[in-house]
1. May I ask you to say which residue of Thr23, Thr44 is away from the ligand (no atom under 16 Å from the Cβ), more than 19 Å from the chain's Cα centre (by Cα), touching a residue at least 60 places away in the same chain (Cβ under 8 Å) and not in a strand (DSSP E or B)?
2. Of the residues that make up segment 47-61, is at least one surrounded by fewer than 16 Cβ atoms within 10 Å (Cβ to Cβ), without any contact (Cβ under 8 Å) to a residue 12 or more places away in the chain and in the same structural domain as Ala118 (by TED's automatic domain parsing)?
3. Quick test of your reading of the structure: Ile67 fulfils all but one of (1) modelled with pLDDT under 95; (2) part of a helix (DSSP H, G or I). Name the failing condition by number.
4. Applying the selection to segment 47-105, what residues are hydroxyl-bearing (Ser, Thr, Tyr), farther than 18 Å from Ile20 by Cα and within 16 Å of the ligand (Cβ to nearest atom)?
5. It is to be established whether one or more residues within segment 172-193 are of a type in the set (Gly, Ala, Ser), assigned to a helix (DSSP H, G or I) and in contact (Cβ under 8 Å) with a residue 24 or more places away in the chain.
6. Exactly one condition in (1) farther than 16 Å from His121 by Cβ; (2) in contact (Cβ under 8 Å) with a residue 12 or more places away in the chain is false for Gly72; which is it?
7. Can you find even one residue in segment 224-234 that is buried (at least 18 other Cβ atoms within 10 Å of the Cβ), part of a helix (DSSP H, G or I) and touching a residue at least 12 places away in the same chain (Cβ under 8 Å)?
8. Restricting attention to segment 1-20, which residues are more than 16 Å from the ligand (Cβ to nearest atom) and either in contact with a Gly (Cβ under 9 Å, 6 or more places away or on another chain) or at pLDDT below 95 (or both)?
Amino acid sequence: MSVKVTILIIEDEKNICDFIATTLKAQDHKVITTGLGREGISLTASQCPDVILLDLGLPDIDGMDVIRQIRGYSSIPIIVISARSQEREKVMALDLGADDYITKPFGSSELMARIRTALRHGNAASGGGNMIDRPYQYGGLLIDFDRRLVSVDGEAVHLTQVEFKIVSFLARNSGRVMTYDTIISHVWGPYADDNNRILRVNMANIRRKLEKNPAEPQFILTEIGVGYRMAEDETR
Ligand code: CA
């Protein structure tokens, strides 16, 4: 990330807030911090940050309300800072319009990857998205959207229509978590049964075809209780 960005951290846990601020300042980014939700909302309006990192458990108002209020007037990328085993909260935050989450404890490289992805999608949404149909590439995996071709280490892989739809949707959103419901409604339509079973069956088949070791996937990662995340495209 060579461009200098402004990042607002809304987090009342001082250790985490300090760790994030130090990491980002070391990359030469401008950092604004607050431990209060209300102040976070007013800082968002007055400082126009490029990305917001938001803890859900704040002392004054619920983090969900912070997302709701900010989404009322802004599409600034919001990354939720959450604890392990808060799957329901993660899904709810994503449904309310958060872009992604990062699970405590996290390291600086994971933090920077999340921010980079959020910025990339923020830019794509605001008009810089003409590279969207460039092939996806990560490790030996190549996906050519226009020609509907998938290959691993140069070997063509045959996917069914549905499998290709799932894989290309995840690849177009690489680096970001996509919830089960979001994937299901994209692939099978908004009135599809929201039962995850058929998605999991398809994913098992996809992994058998793409991954060297389907039990330890490197291309499509499982976010337990939430959805799937495709490894971030290396070429963007
Ligand atoms: Ca907290």
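The values are calculated or read from the model by the stated rules, or taken from the named source; none is laboratory data. Computed from a prediction, not measured in an experiment: that's the story for all the values here. For neighbour counting, all protein chains shown are included, and Cβ atoms are generated from backbone atoms with ideal geometry for every residue, glycine included.
1. Going through Thr23, Thr44 in turn, just one is away from the ligand (no atom under 16 Å from the Cβ), more than 19 Å from the chain's Cα centre (by Cα), touching a residue at least 60 places away in the same chain (Cβ under 8 Å) and not in a strand (DSSP E or B): Thr23.
2. Step one: filter segment 47-61 for residues surrounded by fewer than 16 Cβ atoms within 10 Å (Cβ to Cβ), giving 47-48, 57, 59-61.
When the remaining residues are screened for being without any contact (Cβ under 8 Å) to a residue 12 or more places away in the chain, the result is none.
No, because not a single residue in segment 47-61 is surrounded by fewer than 16 Cβ atoms within 10 Å (Cβ to Cβ), without any contact (Cβ under 8 Å) to a residue 12 or more places away in the chain and in the same structural domain as Ala118 (by TED's automatic domain parsing).
3. (1)
4. Within segment 47-105, just Ser85 meets the criteria.
5. No.
6. (2)
7. no
8. As a first pass, look at segment 1-20 and keep what is more than 16 Å from the ligand (Cβ to nearest atom): 1-7.
Met1, Ser2, Val3, Lys4, Val5, listed by residue number.
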